[in-house]
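Engineer: The following block contains the structure, expressed as C-alpha coordinates.
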(Lines give C-alpha, C1' and ligand atoms only; values in the text may rest on other atoms or scores of the structure.)
Protein backbone atom coordinates (compact mmCIF):
# COMPACT_ATOMS: atom_id res chain seq x y z
CA UNK A 1 0.00 0.00 0.00
CA UNK A 2 1.34 3.44 -0.92
CA UNK A 3 1.38 6.17 1.65
CA UNK A 4 0.40 9.70 0.70
CA UNK A 5 3.29 12.03 0.01
CA UNK A 6 3.95 14.51 2.80
CA UNK A 7 2.17 17.83 2.57
CA UNK A 8 4.74 20.50 1.83
CA UNK A 9 4.56 24.24 1.37
CA UNK A 10 5.28 23.67 -2.32
CA UNK A 11 2.40 21.23 -2.75
CA UNK A 12 -0.03 23.47 -0.86
CA UNK A 13 0.85 26.56 -2.89
CA UNK A 14 0.92 24.80 -6.26
CA UNK A 15 -2.41 23.09 -5.51
CA UNK A 16 -3.89 26.47 -4.56
CA UNK A 17 -2.59 28.29 -7.64
CA UNK A 18 -3.59 25.35 -9.83
CA UNK A 19 -7.28 25.98 -9.15
CA UNK A 20 -6.98 29.48 -10.69
CA UNK A 21 -8.11 31.36 -7.57
CA UNK A 22 -9.78 34.73 -7.77
CA UNK A 23 -7.92 37.89 -6.77
CA UNK A 24 -9.85 37.88 -3.49
CA UNK A 25 -8.95 34.26 -2.80
CA UNK A 26 -5.27 35.00 -3.45
CA UNK A 27 -5.34 37.89 -0.99
CA UNK A 28 -7.06 35.74 1.64
CA UNK A 29 -4.74 32.74 1.17
CA UNK A 30 -3.05 31.40 4.30
CA UNK A 31 -1.06 28.26 4.90
CA UNK A 32 -2.74 25.51 6.89
CA UNK A 33 -2.05 25.80 10.62
CA UNK A 34 0.26 22.77 10.66
CA UNK A 35 2.50 24.27 7.97
CA UNK A 36 2.50 27.67 9.73
CA UNK A 37 3.64 25.88 12.88
CA UNK A 38 6.33 24.00 10.95
CA UNK A 39 7.67 27.27 9.54
CA UNK A 40 7.88 28.75 13.03
CA UNK A 41 9.60 25.59 14.28
CA UNK A 42 12.19 25.88 11.50
CA UNK A 43 12.84 29.53 12.38
CA UNK A 44 13.37 28.56 16.01
CA UNK A 45 15.80 25.80 15.02
CA UNK A 46 17.65 28.29 12.84
CA UNK A 47 17.95 30.86 15.64
CA UNK A 48 19.28 28.16 17.92
CA UNK A 49 21.78 26.96 15.31
CA UNK A 50 20.22 23.51 15.22
CA UNK A 51 19.33 23.12 11.53
CA UNK A 52 20.43 19.97 9.75
CA UNK A 53 21.08 20.05 6.02
CA UNK A 54 17.56 18.75 5.46
CA UNK A 55 15.84 21.27 7.72
CA UNK A 56 17.96 24.10 6.31
CA UNK A 57 16.73 23.19 2.81
CA UNK A 58 13.17 23.08 4.14
CA UNK A 59 13.56 26.54 5.69
CA UNK A 60 14.94 27.86 2.39
CA UNK A 61 11.85 26.45 0.63
CA UNK A 62 9.58 28.20 3.15
CA UNK A 63 11.48 31.45 2.74
CA UNK A 64 11.51 31.38 -1.05
CA UNK A 65 7.85 30.46 -1.42
CA UNK A 66 6.81 32.88 1.31
CA UNK A 67 8.43 35.72 -0.62
CA UNK A 68 6.81 34.52 -3.83
CA UNK A 69 3.33 34.45 -2.29
CA UNK A 70 3.87 37.90 -0.76
CA UNK A 71 4.62 39.25 -4.25
CA UNK A 72 1.60 37.48 -5.75
CA UNK A 73 -0.63 38.89 -2.99
CA UNK A 74 0.76 42.40 -3.53
CA UNK A 75 0.03 42.21 -7.25
CA UNK A 76 -3.48 40.93 -6.47
CA UNK A 77 -4.09 43.85 -4.08
CA UNK A 78 -2.85 46.32 -6.71
CA UNK A 79 -5.14 44.74 -9.33
CA UNK A 80 -8.10 44.89 -6.97
CA UNK A 81 -7.35 48.56 -6.25
CA UNK A 82 -7.12 49.30 -9.98
CA UNK A 83 -3.38 50.01 -9.91
CA UNK A 84 -2.23 47.20 -12.17
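Engineer: Answer yes if at least one residue in region 14-27 is modelled with pLDDT under 95 and outside any helix (DSSP H, G or I), and no otherwise. Explain how you work it out, then say what you get.
Structural biologist: The first filter runs over region 14-27 and keeps only residues modelled with pLDDT under 95, leaving none.
There is no residue in region 14-27 that is modelled with pLDDT under 95 and outside any helix (DSSP H, G or I).
Engineer: I need a count of the residues in region 18-61 that are closer than 21 Å to residue 75 by Cβ and either touching a strand residue (DSSP E or B) at 6+ places or on another chain (Cβ under 7 Å) or without any contact (Cβ under 8 Å) to a residue 24 or more places away in the chain (or both).
Structural biologist: Taking region 18-61 and keeping what is closer than 21 Å to residue 75 by Cβ, we get 18-31.
Filter again for either touching a strand residue (DSSP E or B) at 6+ places or on another chain (Cβ under 7 Å) or without any contact (Cβ under 8 Å) to a residue 24 or more places away in the chain (or both), leaving 18-22, 25, 28, 30-31.
Counting residues in region 18-61 that are closer than 21 Å to residue 75 by Cβ and either touching a strand residue (DSSP E or B) at 6+ places or on another chain (Cβ under 7 Å) or without any contact (Cβ under 8 Å) to a residue 24 or more places away in the chain (or both) gives 9.
Engineer: While we're here: Suppose we filter 82, 66 for residues that are under 25 Å from residue 24 (Cα atoms) and in a loop (DSSP other than H, G, I, E, B); which single one remains? Break it down into steps so the answer makes sense when it comes.
Structural biologist: Numbers: 66 fails: in a loop (DSSP other than H, G, I, E, B).
Step by step, each of 82, 66 is checked, and only 82 is under 25 Å from residue 24 (Cα atoms) and in a loop (DSSP other than H, G, I, E, B).
The values are calculated or read from the model by the stated rules, or taken from the named source; none is laboratory data. Quick caveat: nothing in here was measured; it's all calculated off a predicted structure. Every residue, glycine among them, receives a Cβ derived from its backbone with ideal geometry; neighbour counts consider all protein chains shown.
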